[in-house]
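Colleague: Would you mind keeping the following structure in view while I ask a few things?
Just so you know, all these numbers are worked out from the coordinates, no wet-lab data involved. The structure presented is a predicted model; accordingly, all values stated were derived computationally and were not measured. A quick note on method: Cβ atoms are made from the backbone with ideal geometry, for glycine too, and the neighbour counts reach across all protein chains shown.
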Amino acid sequence: MHIAATINLHEPDADALRATIAATFASVWEHDEGLFAVLADERAFTRRADPLRHPLIFYLGHTACFYINKLMMAGLIQERVEPRCEALFAIGVDEMSWDDLDERHYDWPPVAEVWAYRARVRTVVERLIATLPLQPPITWDDPWWALLMGIEHARIHLETSSVLIRQLPLDLLRPSPAWPLCPQDAPPPVNELVAIPASVVELGKPRDHRFYGWDNEYGHQVSQVPAFAAARLLVSNHEYRGFVEDGGYQEQRWWSEEGWAWCSWKQPRHPLFWRPDGATWRLRCLAQEIPMPWSWPVEVNCHEATAFCAWLAQRTGRSLRLPSEEEWLRLRDHCLGPADQDCWPAEPGNIALRHWASSCPVGRFVHGPLSDVIGNVWQWTSSPIQPLPGFRVHPWYDDFSVPTFDDRHNLICGGSWISTGNEATRHARYAFRRHFFQHAGLRYIEAAAPLPPINGALIDDAQVAAAALDDWGHQEPGRADDFPARLAALAVAQAPAHDRILHMGGGGGGRLAFLLARHFGAVVALERSARFLMTGDRLASQGRVRLLAADEGALGRFVEIALEDADRAVADRIAFLQADPANLDDRHGRFPAVIVTDTLDQLADPRRALDRLIERLLPGGLLIIACPWQWQDDLTPAPARLGGSHDATGERLSAHQALHDHLAGRCELIEPPQDCRRLRYRNQRCHLLVDEQISLWRRVDET
């Protein structure tokens, strides 16, 4: 059953490795589609199971479109399969906050069309697996890494989609023998604490490791973990029942400030998957309800897990809490040793779909002094995910990890019954927002020292920090190189109406978006990479950001950026969103003004992107283009560029002339282009001087 294990990328036999990848891809793909087979009604695909998530039709398309997007980034294919699908299904996976609901109405295609799209994508991927040259070992800069990325990404969504299916009405589902529930229950065992000796814990996966890894797994950190005691068992439904019956969901004292805010919004009285049934309870499983198995582990979010620990600590007089990432790894290594997935004679727990499509009684799988160290349900930790020393962003998926380094996403460890591949390895680092539901429960520990408080997350992505300092690092009044201020002034002076404005290239530091928001009622700031939305988004929500900026060589320095009162007052007018300018859809509507900065010379097809942006512009609307026209061979092929070459007659063709020719009949030039000098941050003593060319246009056509 190839879905279970991740692939040994050091297999020396290229033919054997290719065959393993092909079989694993097919197995993961078919399990993904087999999961959707439990949907008995097409309404289930477009019904929102969770108001904070997309409906399941999004995830049906997303895992397929992910392959195409990553294969294009890796240069393995040159043409899209279906651009509309690859725009609609590309972005929007991370769970939203309850105070930031996504109320947009999407024009989802028919379900049959999405199935047909998936079939076309599968053909593309299988052909590539069969023909792409392969020379083991596969490393993270090898083109094969993009294919492995797609496989492991699909494993993640096999799990997250199953959680959403558990929240759909039962009349839209049909139980399937392919997804059997555990038939076992038992008298609920009594939990107890077990001593875990102090030891050193090493975090981080070596870069030459034999398994695929997400970028957040790499790096190296050594931590001394003091002795502590850990619960022998995961918290069972029976053990958690005491908290429910004691009114734990109505007592603010057990909850963190953030947890109580969620609790006040959601108004829960019990775990999400519990169903009251007279004097007892039932449990909602994948596609059916069963009498409550009290010996199974409870499934809760991080807020509930933390509140339970606080309640139990008060009742027992012990210092109980969730383990940190380091403490959880210490208990894992203490119980299981250093052996990883490929060293197991068989899966040592209820993991990787080797047993059931559900949890099973706690204590069923024993790992030394503890039970269920891995498998059954994920285990919440108290640790927000942070980059390890030596972290580097993978260029083909630069927004997998970095947006989660915000102190809002806590790590879950150990895997669940449906965790396969990379999810079931020692170095796995998966994190979700604390209000998010997964097949996750908890194991509490007793530790002498409390955890340090959560502070604002540090942005230590060097490129993101540099982009932030480009905007905010030198804004003395009246500076001629205050690029954001100059563009904002042009927009305010020329825009026909001050209601809405679109800013493509709105990431980086986000300062232009805040300056525009002082004059426009709504600013939609789009950026291709979610990494470069972090600064503006965090400034809008928290008022300040912390950065690790390049100083000298490997040295960095701490920088804090804080909004002025004028910017705080308009922060709620800005929407920082990820979007591909060459594949924009119409969900954002049309605008009286569009600003495009630092984008066109970064694209493979700048003309297509320009056409899509003009479609977002109302007739008579203002178009501002700012660009240094710094063409790069690895980004834009020479034939696709706007100018910077000689035309068919041998005459010089500048970017501005090519822009004028391309916009002819649709936009007219308002005034001659002008240069605006700006400084780009490189390190504390080095800045790059750039002259951006700014041109202003008015849309004149009515189509």
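Colleague: State the answer as a single residue: which of Pro177, Gln221, Ser236 lies farthest towards the positive end of the charge dipole of the stretch 146-246, with beta carbon charges of +1 for Lys and Arg and -1 for Asp and Glu, about the Cα centre.
Modeller: Pro177
Colleague: Which of the helices in the chain, when you take each full DSSP H run, stretch at least 27 Å along the axis at their Cα atoms and have an average Kyte-Doolittle score of -0.5 or higher?
Modeller: Answer set is 14-36, 111-131, 144-165.
Colleague: Specify whether the C-alpha gyration tensor of the stretch 462-699 places it in the rounded, prolate or oblate class, a ≥ b ≥ c being the square roots of the eigenvalues: rounded for a/c under 1.5, otherwise prolate if a/b is larger than b/c and oblate if not. List each step's numbers first, then the result.
Modeller: Details: a/c = 1.75, a/b = 1.26, b/c = 1.39.
Note, shape of the stretch 462-699 comes out oblate.
Colleague: May I ask you to derive the FRET efficiency for Leu388 and Leu134 from their Cβ-Cβ distance with R0 = 30 Å, giving the value to the nearest 0.05? Don't skip to the end; give the middle numbers.
Modeller: Numbers: r = 30 Å, r/R0 = 0.99.
Efficiency for this residue pair is about 0.50.
Colleague: Another one. Show me 484-493, 298-307, 70-79, 145-154 ranked by packing, highest mean number of other Cβ atoms within 10 Å first. Intermediate values should be presented prior to the final figure.
Modeller: Values: 484-493: 18.6, 298-307: 26.9, 70-79: 15.7, 145-154: 22.4.
Result, highest mean first: 298-307, 145-154, 484-493, 70-79.
Colleague: Please turn the phi angles of the stretch 367-378 into ³J(HN,Hα) values with the Karplus equation 6.51 cos²θ - 1.76 cosθ + 1.60 (θ = phi - 60°), one per residue in order, whole Hz, x for glycine and proline.
Modeller: After applying 6.51 cos²θ - 1.76 cosθ + 1.60, I find 10, x, x, 10, 10, 6, 4, 10, x, 6, 9, 4 Hz.
Colleague: Related question: Would you give the gap between the C-alpha center of the stretch 215-233 and the C-alpha center of the stretch 383-449, rounded to a whole Å?
Modeller: 13 Å
Colleague: A further question follows. For the residue pair Val366 and Glu257, what label-to-label distance in nm results when each label sits 7 Å from Cα along the Cα-to-beta-carbon direction?
Modeller: Placing both labels 7 Å beyond Cα along the Cβ direction yields 4.6 nm.
Colleague: Expressed as a whole number of Å, what is the distance separating the alpha-carbon centroids of the stretch 104-129 and the stretch 324-338?
Modeller: If we compute the Cα centre of each part, the gap is 41 Å.
Colleague: Spelling out what I want: for every residue of the stretch 678-688, take phi, set θ = phi - 60°, compute 6.51 cos²θ - 1.76 cosθ + 1.60 (Karplus), and round to whole Hz; glycine and proline get x.
Modeller: Per residue, the Karplus-derived 3J(HN,Hα) values read 9, 9, 10, 6, 10, 7, 4, 10, 10, 10, 9 Hz.
Colleague: Could you run the Debye sum over the Cα atoms of the stretch 156-251, one equal point scatterer each and no solvent, and tell me log10 of I(q)/I(0) at q = 0.12, 0.13, 0.19 Å⁻¹, two decimals?
Modeller: These q points yield log10 I(q)/I(0) values of -0.89, -1.01, -1.10.
Colleague: Also: Work the Kirkwood hydrodynamic radius out for the chain: mean of 1/r over every pair of different alpha-carbon atoms, inverted, in Å.
Modeller: Computed over the chain, the radius equals 27.2 Å.
Colleague: For the stretch 225-231, take each phi angle, set θ = phi - 60°, evaluate the Karplus expression 6.51 cos²θ - 1.76 cosθ + 1.60, and give the result in whole Hz per residue in order, putting x for glycine and proline.
Modeller: 3J(HN,Hα) across the stretch 225-231, in whole Hz: 9, x, 4, 8, 10, 10, 4.
Colleague: Let me ask something else. Which listed residue (Pro323, Ile151, Pro592) has the Cα farthest towards the positive end of the charge dipole for the chain, taking +1 on Lys and Arg C-beta and -1 on Asp and Glu C-beta about the Cα centre?
Modeller: So the residue furthest toward the plus end is Pro323.
Colleague: Can you give the Rg/Rh ratio of the stretch 285-435, where Rg is from the C-alpha atoms and Rh is the Kirkwood radius?
Modeller: 0.97
Colleague: So for each of 438-449, 190-201 I average, over its residues, the number of other beta carbons within 10 Å; can you give me the resulting order with the highest mean first? Present the calculation step by step, with values, prior to reporting the outcome.
Modeller: Details: 438-449: 21.7, 190-201: 14.3.
Going from most to least packed, we get 438-449, 190-201.
Colleague: Positive end of the dipole of the stretch 488-626, charges at C-beta (+1 Lys, Arg; -1 Asp, Glu), about the Cα centre: which of Ala569, Ser529, Leu548 has its Cα farthest in that direction?
Modeller: Ala569
Colleague: Once the piece of chain linking Ala640 and Ala346 is laid out straight, how much longer is it, given 0.36 nm per residue of separation minus the C-alpha distance between them? Provide the component values of the computation, followed by the final result.
Modeller: Values: separation 294, 0.36 × 294 = 105.84 nm, distance 5.33 nm.
Taking 0.36 nm per residue and subtracting the Cα distance, the gain is 100.5 nm.
Colleague: Counting other C-beta atoms within 10 Å, which of Ser236, Ser27 has the fewest, and how do the rest follow? Could the numbers behind the result be given before it?
Modeller: Working: Ser236 24, Ser27 16.
Going from least to most buried by this count: Ser27, Ser236.
Colleague: A further question on this structure: If you wrap a convex hull around the alpha carbons of the stretch 289-372, what volume per residue comes out, as a whole number of Å³?
Modeller: 139 Å³
Colleague: Taking other Cβ within 10 Å of each residue's Cβ, how do Thr160, Thr649, Thr381, Thr280 sort, fewest first?
Modeller: Ascending number of Cβ neighbours within 10 Å: Thr649, Thr280, Thr160, Thr381.
Colleague: To continue, here is another question. What are the radius of gyration and Dmax of the stretch 14-172, computed over its Cα atoms and given in Å?
Modeller: Reported Rg and Dmax, both Å: 16.4, 51.
Colleague: What would the Debye equation give as log₁₀ I(q)/I(0) for the stretch 193-449 at q = 0.09, 0.14 Å⁻¹, counting only Cα atoms as equal point scatterers?
Modeller: -0.39, -0.97
Colleague: Which order do the peptides 607-615, 258-266 take when ranked by the mean count of other beta-carbon atoms within 10 Å per residue, highest first? Write down the numbers at each step before the final one.
Modeller: Working: 607-615: 18.8, 258-266: 16.7.
My ranking of the peptides, most packed first, is 607-615, 258-266.
Colleague: Once every DSSP H run of n ≥ 4 in the chain is given -39500 (n - 2.57) and the sum is divided by its residues, what mean residue ellipticity at 222 nm do you get, rounded to the nearest 500 deg cm²/dmol? Write out the running numbers ahead of the final one.
Modeller: Numbers: 17 runs with 202 residues, N = 703.
After summing the helix terms and dividing by the residues of the chain, the value is -9000 deg cm²/dmol.
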